[in-house]
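The structure under discussion appears below in the form of structure tokens.
The values are calculated or read from the model by the stated rules, or taken from the named source; none is laboratory data. Remember, predicted model here, so these are calculated numbers, not experimental data. So basically every Cβ, Gly included, is an ideal-geometry build from the backbone, and we count neighbours across all protein chains shown. For the accessible areas, the whole protein counts, side chains as well, though only heavy atoms, and no ligand, DNA or RNA atoms are used. Shrake-Rupley method; radii C 1.70, N 1.55, O 1.52, S 1.80 Å.
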Amino acid sequence: MLQLEDIDVKYGQRQALFGLNLHVGEGEFVTLLGANGAGKTTTLRTISGLIKPVRGRIRFYEEDIHGRPPSAIVSRGISHSPEGRKVWPFMSVEDNLLLGGYVHRHKRKLKDELQRIYDLYPRLHERRQQHAGTLSGGEQQMVAIGRALMSNPRMLILDEPSLGLAPIMIDRTMDLIRDIHRSGITVLLVEQNAALALEISDRAYVIETGKLVLEGASAALLKSDYVQQAYLGMGVAVQQD
Ligand SMILES: Nc1ncnc2c1ncn2[C@@H]1O[C@H](COP(=O)(O)OP(=O)(O)O)[C@@H](O)[C@H]1O
Ligand SMILES: [Mg+2]
């Protein structure tokens, strides 16, 4: 469904991605792991067209999408829930959601999508008139995800949705993402919380300083020494007998 081939990205002189190859099949749930600064956000922003790669190719179905504007990429069915949620705090929940539906040219379609989101997340309906900034972190994350779903995407990409949330809200957010995937939407998830992400995804990639270092089935990665040491903090377990 989505294929990144040999992607290089630079910020000025500074290179952030080095020949990145990554693919996501239709209906898959794929996780992208990596430490702070590894290039996860850069990867997602490149897929969404917010950053142009200096080399390489991105295909979505049979079409090249690298170099296309973000609006064209959203129209083709990739929607992005950004790092830090980025809800507009002084706009109502409803207006935040409506902005996510800007690809729909007909008012009727926009209203239908809004209703669909309210049916899925009654909590957002209850709070639709409130400024988004007055909501809890978990509710704001729900607004960000709901806004991304307003374009009725085929693929949802999520950048660290659990960041800064209380443990109970992290669980709820992960449940919500799992439900979205079960509803038939392909998911590419960036997470710091490796254990959680590997538990709910099919496959995963690990990147380090802009380079792919590991890929495989999530269940296998969860058990691998590499991931346990680097991301699950089990590398220095003291053996006692
Ligand atoms: N706007 C930017 N300008 C310059 N360098 C950036 C910018 N955004 C990110 N970087 C650099 O690119 C690298 C990858 O960053 P990022 O993709 O945000 O990593 P991650 O999301 O994995 O934490 C880091 O070294 C970071 O400092
Ligand atoms: Mg990031």
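Some observations on this one:
- Selection status of A204, more than 16 Å from ligand 1 (Cβ to nearest atom) and either at pLDDT 90 or above or open to solvent by 10 Å² or more (accessible area, probe 1.4 Å) (or both): no
Residues checked against (1) of a type in the set (G, A, S); (2) part of a loop (DSSP other than H, G, I, E, B); (3) within 19 Å of R178 (Cα to Cα); (4) open to solvent by less than 40 Å² (accessible area, probe 1.4 Å):
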{"position": "E113", "(1), (2), (3), (4)": "no, no, no, yes"}
{"position": "R116", "(1), (2), (3), (4)": "no, no, yes, no"}
{"position": "L124", "(1), (2), (3), (4)": "no, no, yes, yes"}
{"position": "G146", "(1), (2), (3), (4)": "yes, no, yes, yes"}
{"position": "L156", "(1), (2), (3), (4)": "no, no, yes, yes"}
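- Residue check, G49 surrounded by 16 or more Cβ atoms within 10 Å (Cβ to Cβ), touching a helix residue (DSSP H, G or I) at 6+ places or on another chain (Cβ under 8 Å) and at pLDDT below 95: no
- With respect to (1) touching a helix residue (DSSP H, G or I) at 6+ places or on another chain (Cβ under 9 Å); (2) open to solvent by 10 Å² or more (accessible area, probe 1.4 Å); (3) over 20 Å from P89 (Cβ atoms), the lone exception for G164 is condition (3).
- Checked against (1) open to solvent by less than 20 Å² (accessible area, probe 1.4 Å); (2) of a type outside the set (A, V, I, L, M); (3) without any contact (Cβ under 8 Å) to a residue 60 or more places away in the chain, R55 passes all but a single condition, namely (1).
- Checked against (1) closer than 21 Å to P161 by Cβ; (2) in contact (Cβ under 8 Å) with a residue 60 or more places away in the chain, F18 passes all but a single condition, namely (1).
- Residue list for the stretch 61-83, filter: in contact with a helix residue (DSSP H, G or I) (Cβ under 6 Å, 6 or more places away or on another chain) and either surrounded by fewer than 14 Cβ atoms within 10 Å (Cβ to Cβ) or part of a strand (DSSP E or B) (or both): S79, S81
- Just one residue in the set V103, V87 is out of contact with any Ser or Thr (no Cβ under 6 Å at 6 or more places or on another chain), more than 16 Å from ligand 2 (Cβ to nearest atom), on the phi < 0 side of the Ramachandran plot and assigned to a loop (DSSP other than H, G, I, E, B); that residue is V87.
- Of the listed requirements (1) within 13 Å of ligand 1 (Cβ to nearest atom); (2) touching a His at 6+ places or on another chain (Cβ under 8 Å), L17 misses just one: (2).
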